[in-house]
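Step one of this worksheet: look at the structure below.
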Amino acid sequence: MHKFLAKPLFIGKKLIYMPECHSTNTWARNEFSHNDLPEGTVVLTDHQTAGRGQRGNIWTSEKGTNLTFSIILRPKFLEVSKQFSLTVLVSLAIAEVVAQYAPESTPAIKWPNDILVGDQKIAGILIENMVKNGALECAIIGIGLNVNQSDFGSYRATSLFNLSGSEFSLEAILEDLAHQIEIKYLQLKSGYEEALLEAYHTRLYRKGTWHAYEYQDQPIQGRIQGVAADGTLTLETTQGKIQPGFKELKYFL
């Protein structure tokens, strides 16, 4: 792996690589608290021993076959109430890269932070924001993308290899993904929040169709109507509209 990424302007110009670590998000957060790491720093590992997902889930990945990394951003221009915009842009970037490398696929964004192909997970996102004096001081963007792994056991997951039948260079995909994230991050910084959210809706998993869910431990039938700028999901049900929190809605696949 090179010491920096050539294609992006600033993401990956400082690249910290470790063969193994506990969690790239945890490492990046701790390091940021003690050192002045530049915006765009990428922390990359071949193997996370305790990778984390949203809602306290564990992110498992076969050693050396996938991408597990974190990006440090400093979105001080972004209001705290609009921090979900970071999830929007990262989700879009991942979906576009998946479609680039597996052109027969149709990646979808499963609210709030997974990328699926069909009903199988190919990537996950964990964004941890640090707020200081009412402003976003730092955002740690954790990403896991299944690239060359072929066997996921009982997990409902897939990879670029499974979708395309080809193995890929992890470095090339990391560079393209960092480049796409940077493009959309700069778009957000330039005021294109609504356009990014509109693009997010075009890839929103299950939008406009009825499916089974579990809400507050009860089975329901619902139809996703959309996601607001603050990340609030609106779900139409047979009893009316609800807006579940991130941990309140379970998808039945």
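Things worth noting here:
- Residue within segment 52-63 that is modelled with pLDDT of 95 or more and crowded, with 20+ Cβ neighbours inside 10 Å present: no
- Elements of type strands (runs of 3 or more DSSP E) in segment 126-244, at least 3 residues being under 17 Å from the mean Cα position of the chain (by Cα) and surrounded by fewer than 17 Cβ atoms within 10 Å (Cβ to Cβ): none
- Sub-6 Å Cβ pairs linking a first residue in segment 1-30 that is over 21 Å from SER61 (Cα atoms) and without any contact (Cβ under 8 Å) to a residue 24 or more places away in the chain to a second residue that is of a type in the set (D, E, K, R) and surrounded by 17 or more Cβ atoms within 10 Å (Cβ to Cβ), at least 6 apart or interchain, are PHE4/LYS13, ordered by first then second residue.
- Selection status of VAL88, out of contact with any Phe, Trp or Tyr (no Cβ under 7 Å at 6 or more places or on another chain), hydrophobic (A, V, I, L, M, F, W, C) and open to solvent by less than 40 Å² (accessible area, probe 1.4 Å): no
- Test: residue in segment 105-117 that is small (Gly, Ala, Ser), buried (at least 17 other Cβ atoms within 10 Å of the Cβ) and modelled with pLDDT of 95 or more: yes
- Residues being more than 19 Å from LEU86 (Cβ to Cβ) and touching a helix residue (DSSP H, G or I) at 6+ places or on another chain (Cβ under 7 Å) - total across segment 105-145: 3
The values are calculated or read from the model by the stated rules, or taken from the named source; none is laboratory data. In this text, all values refer to a predicted model and were calculated from it rather than measured experimentally. No Cβ is skipped: glycine too gets one built from the backbone with ideal geometry, and neighbour counts run over all protein chains shown. Note: areas computed on protein heavy atoms with side chains; ligands, DNA, RNA excluded. Shrake-Rupley method; radii C 1.70, N 1.55, O 1.52, S 1.80 Å.
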